[in-house]
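As C-alpha cells, the structure follows; a few thoughts come after it.
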Amino acid sequence: PWYFINEVNVAADATWKVVAFHHPALPERYPRVVEDLVPIIEKHAVDIVLVGHHHNYRRSWPLKDAVVPVETGPVYIQLGGGGGNVSSRPDTPDRRYAMTYQGYGYSMFRILGETLHYTMHDDTGAIRDVFTVEK
C-alpha cells in the first residue's frame, strides 16, 4: 500500500488514537482509502482521523461503517483551510458531517485525561466549531 497506517501502528494501547493522512477517507471518491484504512481505523478504536486534500473544513459525526448516527466511532476532520485556494463546499449536503466551513482556519486540541476538547478557529480567531469526546 501507499500509506503508512497499518495494524501495528494503530494497535497500541493508548488512551487517545489520532491518525492523519492526506486523502479523505470520506467521501467515497477515494475507494482505496475507504477499503484499506477505514476497517483498520474502526477495528482499533481510533478517535480522530485528520485528513486534507480538499481546501475546505468538514467535521463528521462519530461514524461506523460510514453511517450516522452512532454514539461512538472515529470523528473525521478535513483540515483544508490552512492555505492555498479555498475550495467550495460540496453542493449536495452530506448528513455524515456535523460542520462544514469554507474559509481559512486552524484547529486546536486540548486533552485532559479522558476528555478531548476540540476547537476550529477561522483566520480571525473566531471559533467556528467545537466538540468534546469523553472516554
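The values are calculated or read from the model by the stated rules, or taken from the named source; none is laboratory data. Not measured: the values here are computed from a predicted model. Cβ sites come from the backbone with ideal geometry, for glycine too, and all protein chains shown count toward neighbours. Each accessible area value is taken on the protein alone, full model and side chains, heavy atoms only, with ligands, DNA and RNA left out. Shrake-Rupley method; radii C 1.70, N 1.55, O 1.52, S 1.80 Å.
For His54, the accessible area of its heavy atoms, probed at 1.4 Å with every protein chain present, is near 30 square angstrom. Summary value for the chain: 17 percent relative contact order, contacts being C-alpha pairs under 8 angstrom separated by 6+ residues. A simple spin-label model places the labels of Thr100 and Trp16 2.8 nm from each other, with each point 7 Å out along Cα-to-Cβ. Calculated accessible area for the chain comes out at 57 Å² per residue, all protein chains present (probe 1.4 Å; ligands, DNA, RNA ignored). Across region 48-62, computed HN-Hα scalar couplings (Karplus, 6.51 cos²θ - 1.76 cosθ + 1.60, θ = phi - 60°) run 10, 10, 9, 9, x, 6, 7, 8, 8, 9, 9, 10, 7, 6, x Hz from first to last residue, x flagging Gly and Pro. Computed from the coordinates I sent, Cα Rg over 2.2 N^0.38 Å equals one of (i) 1.09; (ii) 1.02; (iii) 0.97. Tell me the label. Only one option fits the structure, namely (ii). Per residue, the convex hull spanned by the Cα atoms of region 32-93 measures out at 94 cubic angstrom. Taking the protein heavy atoms of the chain in the context of the full set of protein chains, the accessible area attributed to carbon and sulfur is 56 percent at 1.4 Å. Hey, quick one: spin label on Leu50, modelled 7 Å out along Cα-Cβ, who in region 116-135 has an amide N within reach, i.e. under 12 Å? Once the point is set 7 Å along Cα→Cβ of Leu50, 119 turn out to lie under 12 Å by backbone N, inside region 116-135.
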